[in-house]
Amino acid sequence: MQILLTGGLGYIGSHTAVELLNEGHEVIILDNLSNACSSVIQKIQNITKKDIVFYPYDIRDIKKIEEIFQKHHIDCCIHFAGLKVVNDSIYQPLAYYDNNLVGTLHLLEIMQKYYCKNIIFSSSASVYGDTNQIPITEEVSKGECSNPYAWSKSIIEQILSDLHRADKDWNIVLLRYFNPVGSHFSGLLGDIPVGVPTNIMPYICQVASGKREKVFVFGDDYPTKDGTGIRDFIHVVDLAKGHVKALKAITNKTGLSLYNLGTGKGYSVLELIKTFEKVNNIKINYEIAPRRAADIAISYANPNKAKEELDWEALYDLEQMCQDAWNFEQKNKKEEK
Ligand code: NAD
Ligand code: WQD
């Protein structure tokens, strides 16, 4: 099948491109390079020994999207493109809504025009808000989001649900990712944050490599086993494979469906640091700091629905995630976006 990956040069998109190519699909990538490097194209091709087609376009440019649909018979779109830094979204809400919402509307309009009505959307566990129903199943209602980034995901889910209600020819899979970490085993693909990392794993890696002095652990007074926040860290390769399974499901005309992609296991921030130290044999300096605004105490998935309906489950454990994240950091220390 010919699959269009918007944002396909980014962290999760590039790993998904590899898994799709390995399964024999043709991959077309649209990415405006706002948070990715064009060198990722060659890296994907080196890993898979297969070619991809790349367009350096913006999803908000409807004419450019149309150009792609005129040139290719796209069977399905996996829509990763979007801005994702929670804190930035609080200070630049318009930029986030413009990029994430307007871009999605343009993409959907052209997909509809060219009768491509299959889409897999990158959503986020953050749409659940601060729920106390742990582990989180897909039955848990969406909650009050704490930032414009999470609202943009929640609103796009609503737009896609409305689209499906209006036209049952659409096949839509909403994937709610938990906390993706780690990198491709080759060390070629991974997460390169701009500036100071806001996510915990890239921050730990930068402390390990000496770029930063210590990790600030945001809060040790949560109602958890050691007082630090608990998350469902999932290896990005497992996450990428989840998209291949979702694609298989979509070709069976599944209508609208929704899946959590997580491991089902929750680890605390201190457990993550300790595991990183153990598997990589490196001391990570850390200091307990005040809680970060709007952080929740505990978030982990019940991933059974994806297992039963998509035949997908996460295979890699926290040790592998820490090992691969560090491997990537060491090989790409000097890479800047
Ligand atoms: P990323 O920033 O690495 O990848 C997103 C890609 O989209 C980048 O390559 C960027 O250049 C591109 N892009 C952004 N705006 C664009 C636009 N207007 N037109 C074309 N390309 C554009 O992010 P990621 O971590 O790979 O995340 C992929 C998707 O998954 C995003 O939608 C993100 O919100 C979602 N998500 C990520 C996480 C996470 O923790 N990484 C968790 C849940 C959901
Ligand atoms: C994890 C834990 C922090 C940094 C966010 C988004 C979510 C998704 C994934 C994009 C928390 C603690 C963190 C640090 C710390 N992103 N922490 N020191 O907040 O669960 O989720 O990223 O789509 O939508 O909300 O991930 O990695 O930022 O934090 O102590 O320097 O690590 O307090 O408990 P989060 P995170």
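Just so it is clear, none of the values below were taken in a lab; they were calculated from the coordinates. Predicted model, so just to flag it, every value in this text is computed and none were measured. Neighbour counts run over all protein chains shown; Cβ positions are idealised from the backbone, glycine included.
Applying the Karplus relation 6.51 cos²θ - 1.76 cosθ + 1.60 with θ = phi - 60° to the range 216-221 yields 3J(HN,Hα) values of 8, 8, 7, x, 10, 10 Hz, where x marks Gly and Pro. Each Lys and Arg Cβ is given +1 and each Asp and Glu Cβ -1; about its Cα centre, the chain then shows a dipole of about 440 debye. The distance separating the Cα centre of the range 269-337 from that of the range 158-172 comes to 34 Å.
Using r as the Cβ-Cβ distance of residue 90 and residue 158, and R0 as 22 Å, what FRET efficiency do you calculate, to the nearest 0.05? Once the sixth-power term is evaluated, E becomes 0.55. Spacing of the modelled spin labels on residue 226 and residue 46, each 7 Å from Cα toward Cβ, amounts to 3.6 nm. Expressed as a whole number of Å, what is the distance separating the alpha-carbon centroids of the range 48-87 and the range 185-225? The two parts, judged by their Cα centres, are 29 Å apart. Rounded to the nearest 20 debye, the dipole size of the range 164-291 about its Cα centre is 360 debye, using +1 on the Cβ of Lys and Arg and -1 on the Cβ of Asp and Glu. Bridgeable aspartates and glutamates around residue 50 (alpha carbons under 12 Å apart, same-chain partners fewer than 8 residues away excluded): 19, 23, 26.
Taking the convex hull of the alpha carbon positions in the range 106-182 and averaging its projected area over all directions gives 6.4 nm². Lysine pair count for the range 209-294 (Cα-Cα distance under 27 Å; residues 8 or more apart in sequence or on different chains): 21.
Projected over every direction and averaged, the convex hull enclosing the alpha-carbon atoms of the range 182-248 yields 6.6 nm². Here the range 1-75 is treated with +1 on each Lys and Arg Cβ and -1 on each Asp and Glu Cβ, and its dipole about the Cα centre works out to around 180 debye. Counting only aspartates and glutamates at least 8 places from residue 142 when in the same chain, those with an alpha carbon closer than 15 Å to its own are 130, 157.
Ordering 252, 303, 189 by the projection of their Cα atoms onto the charge dipole of the chain, which places +1 on the Cβ of Lys and Arg and -1 on the Cβ of Asp and Glu, puts 189 at the extreme positive end.
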